[in-house]
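Written below as structure tokens is the structure these notes are about.
Each reported figure results from applying straightforward, stated rules to the coordinates on display, with no laboratory input. Every value quoted in this text rests on a predicted model; they were computed, and no experiment measured them. Neighbour counts are summed over all protein chains in view; Cβ atoms, including those assigned to glycine, are modelled from backbone coordinates with ideal geometry.
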Amino acid sequence: MTAPERMGLLDIEQDVRDAAVVVCAHGEVDTSTADALTGALENAVVEAAAHPARLVVLDLNGIVYFGSAGLNALLTCCELGDAKGVAVRLVATTPEVLRPIEVTRLDSVLRPYPSLDDAVAAPEERR
């Protein structure tokens, strides 16, 4: 596991596993921290493009605030993943993350999973 990127309000860790490149975020995602999340997700997609599983799983269960800038970071990651042939899956169970995704009707695009194991085991989806 890579050392967490300490941003004060947001901590991000990346772990390359056999089944996926896993990114865990803890803290707040807003306009002051979204660039760090976007950068970490872009790095994870690039790393996953060279990984046999070609999968990035983003675990946001440690997020306590998730603003519109976070939604943009996720969408940017999904677009990059599509362009590089990498599946991007989201683990989210907290209302802080799920509510903004549902309100904006992005749950059909981002498709949150209840656990890391569920996200890894999910069948490949075509968009």
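Assorted remarks:
- Overall Cα dimensions of the chain, principal axis frame, Å, largest first: 33, 32, 25
- Footprinting exposure proxy ranking of 108, 32, fewest other C-beta atoms within 10 angstrom first, gives 108, 32.
- A cut-off of 5 Å between modelled amide H atoms, ignoring neighbours fewer than 5 places along the same chain, links residue 63 with 27.
- Over the chain, Cα pairs under 8 Å with separation of 6+ residues give a relative contact order of 22 percent.
- Student exercise, segment 5-121 dipole from Lys, Arg, Asp, Glu Cβ charges, in Debye to nearest 20: 280 debye
- Of the residues 80, 37, the one with the fewest other Cβ atoms within 10 Å heads the list, and the complete ranking is 80, 37.
- Estimated 222 nm signal from helices in the chain, with DSSP H stretches of n ≥ 4 weighted -39500 (n - 2.57), rounded to 500: -12000 deg cm²/dmol
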